Every structure is written in structure tokens, then in C-alpha cells.
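To keep things clear, I will list the structure first and then write my remarks on it.
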Amino acid sequence: MTTPRQFFPRPKISGEDHRVTTFELLFDLVFVFAFTQVTSFMAHSHSAFGVLQAMTILAIIWWSWTSYGWLANQTHVDEGIVRAGMAVAMGAMFVTALVIPESFEDLPGGLSGPISFVVAYFVVRLMHGLLYLVAAGDDHGLRRQIVRSSVAMFSGTALLLAGAIIGGPWQTWLWLGGIVLDFALTYLTSIGGDWRLQSPAHWAERYGLIVILALGESVVAIGAGAAHEPISVPLLVGAVLAIGLSFLLWWLYFDVVASAAEWYLAKATGVRRAELASYGYTYGHILLIAGIVISALGVEETIAGVTLAEPIALFTACALFGGTSLYLFGHALFWWLVSGEWNWWRVGGSTVLLALIPVAVSLLALAALGLVVAVVVAVVIFEARHYAAQRNHLRAVNSEKA
């Protein structure tokens, strides 16, 4: 007869060789849906204020995902009680994503969208804290750190609930304040703290996969933009350019940076390793994800207008050029947080893209999309030449490991 202890074995602490499991990939699929919902929210609102609301939602989603990233690095989440709890959190996160369209503007009839969003999100975060305490085992320092940082979760969620109840313009500012408070209090309670990063390989792979999933949203956006347009030469050219942009965004992250950042993580130990993981990934990567999602919105709007004989709208230009710019700057910031050095090629590319927004509003859709691709291609070429020796050395090291 199966005993409760056999059915729910004690969670195992991960080691240096821990890798991402298929259950984590399944868990992440809910967040793919959430990213799609955020893009749709921005497209529907079609305003700067709507983008602010969408980025607030994205930050809330990101904070949920990255919290479980820490849990999955601590223990094997595809086993025992942690797996059961993660399944509950997965269901709650799907509800959170499902109600995103009603998160700020409740439709008549049914449950309150904003309150449903906050309650489901609270379940996700509460389940994370409880599972993390279980996964910490006999590590009293880690258990104290989890309890100490729970103040941030409860404080931030309280502001979210207040915003959902009050509604109107105040909701946006209370929700923004709530997630910023959660970010800030978590950071303050973690300085020199007792967080553990067991496996740099698992950590880097986990974040690489969420970048891939976000890039998948940019590919879906191409199809969404083309869905109501007849097949034509301009549409096909635009689709090829858009796919090219997704490939370039992938290249910027995975060709060198992802492996080099993992090397810095593996080299560090103890508190320093946890700090690099926190600063560069937990906090730094949100800019990369936000840049991809906003750029995807710009791609969708641009593809939808490739057959029009008029320049793209300012909203479209800001999304396409601004989102890609944010992605490049996020890369430069991430590299600085991990290595202590700025990648000035990417800072320069980010600046050029922002400066080109006034020019873009006078261009047709294909020309605007081609201009964005050209800027990113230039950054890739300059880096490939400038960092050729370092790139070859890193690839040789990785080949030896394999």
C-alpha cells in the first residue's frame, strides 16, 4: 500500500548538474498565453496609457514566473508535493492570464475581472511561498529569508486588491505602485541575504527558454497581423523581414551572451552567485521580455498595414522602434549587471532606434520594418567583428564541456 510519505517524497535539494525538466516547460506554456494576452491588450487599447497598463500586467506576470524560477532551481519541481503545488499554481496562473482583457475594464455580468485577476495572482504567489518553505528543508537561513521576503508579497498584493476595488484611473497607479513595492521590498530584504542558487546551468537554461517563448509571441504576432490581409508581394516581404527581426533578436541573446553570462554565474559562489542571478536575471531580464512584447505589437501593427499607401502611425512606430530599442538596452544592462562591462554597440543601436522614431512616421510599413532590421543587422555585424576572438574562445570552451 502506498503511504503518504511515498506518494509525496521529501523534496530533493538540487545540485550543480540540475537541468530544466519537461514539467517546467509545461508550466511555462501558461506564460506564453499570458504574453499573447498582454500583446492583445495593448493592440486593443491602442494608447500610451494602455501600454502602461499592459507593462504593469507584464511585470506582475514576470514576478510570478521568476519566483518559480528560484523554486525550480532549489529543488526538483516534477516530484512529490512540489509538483502537486505547482499544478495548482499553474491553474491559478492560467486564470490570471485569462482575465487580462478584463483586468482594467470589467465587462458587465459575471465576476469582477480586476478582483478575479488579483485573487488568482495571490494564489500563485502564496503557493510559491509555501512550496519554497517545503523545498528549503533544513536550511534555516533560507527559510528565514523566504519568510522575511513574504512581507513584499503581502504588501504588494494589498495594493493590487485596493486598486481592483477602487477601480478607475486609481487602479492603474495602485497596481503599478503595488508591483514596484513588491520589487523594491524583495530587493531590500534580499541584500546580503540567504538565497541559494544551486545550479547555474539550470538557471541560465530556464531564462533562455523564457526568452525563446517570448520570441515565439513575436512570431505569432506576424501571423496575427497578416490574418485579415490577402496574400501579396508586400505581405510576403514584410513577413520575411519580421521573421528576420525575430532571428536577429534570438542571435543577440544566444550567440554569445547567454553562454558568457552562464560562465560568470558558474564562476561565482555563495552570496555573490545569488546576487548575479538576482540582478542580471530576476530584475534585468524583464526589460528583454518587455522589449520583445512591445516589438511584437509593432510588428503586428506594421504587417497589418503593409499594403496601405500611407506612412505608419506614431503608435506603431513607437512600438516597433521603441520595443526593439528597449530590447537592445536591456541586453546592455544585463551584460553590465553580470560582467561589470557595458556593451556600447547595443547601447548605440538602442539610441539610434529611438532617434529614428520621428523618421519612421514618414515611412511606409515595409520601409519602416526594413529600417529596424537594418539597424539590428548593423549591431550584429559590428559585434561579430569586434568580439570575434572572445566569441571563438567561448565557443571552444563550450565545445570541450560538451
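The values are calculated or read from the model by the stated rules, or taken from the named source; none is laboratory data. Please read these numbers as outputs of a predicted model, since none were measured by experiment. Don't worry about glycine lacking a Cβ; one is built from the backbone with ideal geometry, like all the others, and counts go over all protein chains shown. SASA here: full protein model, heavy atoms, side chains in, ligands and nucleic acids out. Shrake-Rupley method; radii C 1.70, N 1.55, O 1.52, S 1.80 Å.
Here are a few things to note about the model shown:
- Between the range 315-337 and the range 161-188, the alpha-carbon centres lie 24 Å apart.
- Å² of accessible area per residue within the chain, as computed with a 1.4 Å probe and no ligands counted: 43 Å²
- Rounded tilt (10° steps) of 22-45 against the dominant C-alpha axis of the chain: 40 degrees
- Gyration tensor (Cα) of the range 189-314, equivalent ellipsoid semi-axes in angstrom: 39, 14, 10
- Inter-centroid distance (Cα atoms) of the range 58-73 relative to the range 220-265, Å: 24 Å
- Accessible area (Å², 1.4 Å probe, nearest 10) - TRP250: 100 Å²
- Solvent-accessible area assigned to carbon and sulfur over the chain amounts to 70 percent, based on a 1.4 Å probe.
- Alpha-carbon gyration tensor eigenvalues x 5, square-rooted, for the range 313-402, Å: 31, 14, 10
- Of the options (i) 22.0; (ii) 19.1; (iii) 43.8, only one is mean projected area of the Cα convex hull in nm² as computed from these coordinates, and that is (i).
- Axis of helix 168-190 versus longest Cα principal axis of the chain: the two differ by about 50°, to the nearest ten degrees.
- Among GLN198, GLN53, GLN390: highest mean-square fluctuation, GNM of the chain, C-alpha pairs under 10 Å: GLN390
- Cα-Cα pairs of the range 88-234 separated by more than 24 Å (percent): 50 percent
- Net +/- balance of residues flanking GLN145 in space, Cβ distance below 12 Å, scoring K and R +1, D and E -1: +2
- Accessible area (Å², 1.4 Å probe, nearest 10) - GLU102: 50 Å²
- Amide proton proximity set for THR75, modelled H, under 5 Å, gap of 5+: SER14
- Dividing the summed -39500 (n - 2.57) terms of all DSSP H runs of n ≥ 4 by the residue count of the chain sets its mean residue ellipticity at 222 nm at -26500 deg cm²/dmol.
- With a cut-off of 14 Å between beta carbons, the residues surrounding HIS331 carry a summed charge of -2, where Lys and Arg count +1 and Asp and Glu -1.
- Neighbourhood net charge (14 Å Cβ-Cβ; Lys/Arg +1, Asp/Glu -1) for LEU366: -3
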